[in-house]
Amino acid sequence: MEPFFSSGPNGFSRLLAPSNRPALPNDEPALRALAESMFGLTPKTVRDPVPGHAGYTYFGQLIDHDMTLTDNPLAETDEHTETLVNRHSPFLDLDTLYGTGPAGDSRNLYEHGAWLKLGVRHPSGLLFNFATDPHTGQNLVADPRTLETPMIQQLVVAFAKLHNAAATQIARRERDSEVIFQEARRMTTHQFQYLVWEEWCWKVLDLTILDEARNRNPDGWRQIRWPMFSIPVEFSMAAMRFGHSMVRASYLITGLPAGRDRKIEELVARAGQHGPLEGEWAVRWGAFFGGIPGSNPLPFAKIDTHVVDGLRRIPRIPETLPAMALLRGYRAKLANGPAAAEAFRLEPLMVDDLIPAEPESVRRQGRILEEGGFLESPPLWYYLLRESGVRNEGVRLGPLGSRIVLETIDEALAADPHSYRNTPGWSLPVWEKWPTGTINTIGKLLRFSDSL
């Protein structure tokens with residue numbers, strides 16, 4: 001759909017008109033109560049098997065990091081979202097890995113003008129760390145959010161290794177470091193874009209919305225291009241935050257020399273810590289993705305209105321994750337869930353969906369919505385999580401959330417002049433060291449990365 005408000009690529013757009021609900025003194029206490037009610041189910045119910053494995057939670061986080069970066073604290077969030085600045089490119093171009101490149105302010109991340117610096121190999125032969133600054137001990141990363149969990153850090157390292165493999169491959173026929181860098185970045189970015197659209201989206205989003213996209217929706221939303229592209233606030237502040245609900249209470253980090261089950265509290269406690277990861281934190285990807293020999297991937301947690309207790313306290317954020325999402329959306333005056341559904345011509349949830357007879361935990365949340373005056377205008381982020389539970393039993397995002405996510409990604413790929421979609425005659429990159437040459441799944445990419 002054409003956005004209500006558009007901006008240049010370094011701003012944020014609005015897909016929908018701002019909420020006109022008047023602010024009331026009890027609104028924020030009610031939202032904090034709703035946020036608190038989202039905790040308390042331990043262990044969080046997990047449906048096994050599900051279409052997507054646990055790794056898709058963190059691949060989705062990587063997508064979000066790549067497309068958005070703001071310096072807007074919660075205390076300064078208001079309805080004037082047109083003043084927000086996106087410090088990342090809105091495209092899927094891996095600037096969360098590359099920063100400004102070897103010719104810009106990120107030159108300290110590179111060596112020989114084209115290769116990304118990585119850490120030393122573990123005695124096992126695996127390489128899963130970024131290099132550190134010899135003077136400060138800080139990890140050499142373009143985006144500090146890369147250090148939020150060992151999973152995100154090692155996903156980004158995997159793409160760094162992929163880039164370096166491409167650079168070495170290109171250097172056999174090219175000596176100009178700038179050309180080597182640009183061609184290696186193009187190969188790596190196109191591989192990333194392909195996996196986002198062809199795998200991640202198809203594993204976590206609504207099947208009906210995906211079918212519309214697959215068939216190119218000849219009479220509908222895929223034929224309406226935005227006048228200019230920037231990230232919608234409905235994407236960054238609501239829809240792409242569905243991953244909070246997908247986080248499991250624990251993960252099997254099959255580290256070195258022996259694996260163990262790590263509670264999410266242990267993982268988030270490492271957020272922002274610099275220095276190389278020890279062997280015990282080495283992620284063996286078979287517990288997160290399929291397509292890896294010996295893999296036994298765990299499912300992600302259900303996408304619903306519950307969040308594991310282990311996310312109650314996150315270092316350096318002033319509120320819980322649910323409270324942050326609810327309060328930010330409220331202060332930015334995001335359209336409420338039913339209004340958004342109607343704008344997208346989708347069937348909205350009914351009151352009985354928001355206050356169901358069971359489960360009791362969701363019924364209790366519905367009562368908080370009712371008492372706080374939000375039952376007829378539920379916050380968009382909460383609504384999208386509830387929609388997933390009602391429409392897709394929590395195994396995929398619901399239709400409205402999927403439209404917002406998929407349309408944003410679709411527009412990003414269409415608007416980026418360098419995307420794989422806009423490359424005439426494009427085909428999958430060929431990786432000389434990979435036995436079959438091309439890589440078409442995240443699992444295969446991680447197998448390749450582990451071999452490098």
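The values are calculated or read from the model by the stated rules, or taken from the named source; none is laboratory data. Everything numeric in this text was worked out from a predicted model, so none of it was measured. Because the Cβ atoms are built from the backbone with ideal geometry, glycine has one as well, and the counts that use them run over all protein chains shown.
Would you confirm whether any residue within region 128-147 is β-branched (Val, Ile, Thr), part of a helix (DSSP H, G or I), under 20 Å from Val268 (Cα atoms) and within 18 Å of the chain's Cα centre (by Cα)? Give the steps one after another, and end with the answer.
Kept after step one, since they are β-branched (Val, Ile, Thr), are these residues of region 128-147: 132, 136, 141, 146.
Keeping just the survivors that are part of a helix (DSSP H, G or I) gives 146.
Next cut, under 20 Å from Val268 (Cα atoms) only: 146.
Cutting the leftovers down to within 18 Å of the chain's Cα centre (by Cα) gives us 146.
Yes, that holds for at least one residue.
Residues being more than 18 Å from the chain's Cα centre (by Cα) and either over 25 Å from Arg391 (Cβ atoms) or not hydrophobic (A, V, I, L, M, F, W, C) (or both): count how many of those fall in region 294-304. Working first, answer last.
Taking region 294-304 and keeping what is more than 18 Å from the chain's Cα centre (by Cα), we get 294-298.
Applying the additional criterion that residues be either over 25 Å from Arg391 (Cβ atoms) or not hydrophobic (A, V, I, L, M, F, W, C) (or both) yields 294-297.
Number satisfying all stated conditions: 4.
Can you tell me which residue in region 175-217 is nearest to Ser419 (Cα to Cα), limited to those that are at pLDDT below 95 and of a type in the set (Val, Ile, Thr)?
Filtering first and then ranking leaves Ile209.
I need the full set of residues from region 422-436 which are free of Cβ contacts under 8 Å to residues at least 60 places away in the same chain and either among the aliphatic types (A, V, I, L, M) or farther than 27 Å from Val120 by Cα (or both), in order please.
We begin by selecting, within region 422-436, every residue free of Cβ contacts under 8 Å to residues at least 60 places away in the same chain; these are 422, 424-425, 427, 430, 434-436.
Once the filter is applied, which keeps residues that are free of Cβ contacts under 8 Å to residues at least 60 places away in the same chain and either among the aliphatic types (A, V, I, L, M) or farther than 27 Å from Val120 by Cα (or both), region 422-436 yields Asn422, Pro424, Gly425, Ser427, Val430, Thr436.
Looking only at region 288-315, which residues are modelled with pLDDT under 90 and among the hydrophobic types (A, V, I, L, M, F, W, C)?
Matches in region 288-315: Ile292, Leu298, Ile314.
So that you can scan it fast, the table gives a plain yes or no per residue for (1) at pLDDT below 95; (2) over 19 Å from the mean Cα position of the chain (by Cα):
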| position | (1), (2) |
| --- | --- |
| Tyr383 | no, no |
| Val395 | yes, no |
| Ser402 | no, no |
| Val405 | no, no |
| Trp426 | no, yes |
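Just name the residue that is farthest from Gln182 (Cα to Cα) out of those in region 99-128 that are in contact with a Gly (Cβ under 9 Å, 6 or more places away or on another chain) and modelled with pLDDT of 95 or more.
As a first pass, look at region 99-128 and keep what is in contact with a Gly (Cβ under 9 Å, 6 or more places away or on another chain): 102-103, 105-107, 109-110, 122-124, 126-128.
Filter once more, keeping what is modelled with pLDDT of 95 or more: 102, 109-110.
Details: Pro102: 10, Leu109: 15, Tyr110: 13 Å.
Checking each candidate, the answer is Leu109.
If you scan region 96-121, which residues turn out to be among the hydrophobic types (A, V, I, L, M, F, W, C), surrounded by 18 or more Cβ atoms within 10 Å (Cβ to Cβ) and under 20 Å from Leu147 (Cβ atoms)?
Of region 96-121, the ones among the hydrophobic types (A, V, I, L, M, F, W, C) are 97, 103, 109, 114-116, 118, 120.
Filter once more, keeping what is surrounded by 18 or more Cβ atoms within 10 Å (Cβ to Cβ): 97, 109, 114-116, 118.
Within region 96-121, Leu97, Leu109, Leu116, Leu118 qualify.
Just to be sure I understand the filter: pairs with C-beta atoms under 7 Å, separated by 6 or more residues or on different chains, first member in region 313-329 and closer than 18 Å to Met240 by Cα, second member among the β-branched types (Val, Ile, Thr). Which pairs pass?
If the second residue must be among the β-branched types (Val, Ile, Thr), the pairs left are Leu321/Val307; Leu321/Ile314; Pro322/Val307; Met324/Ile317; Arg328/Thr77.
Take region 259-318 and flag every residue that is in a helix (DSSP H, G or I) and under 28 Å from Pro359 (Cβ atoms).
We begin by selecting, within region 259-318, every residue in a helix (DSSP H, G or I); these are 264-269, 279-281, 285-287, 309-311.
Matches in region 259-318: Ile264, Glu265, Leu267, Val268, Asp309, Gly310, Leu311.
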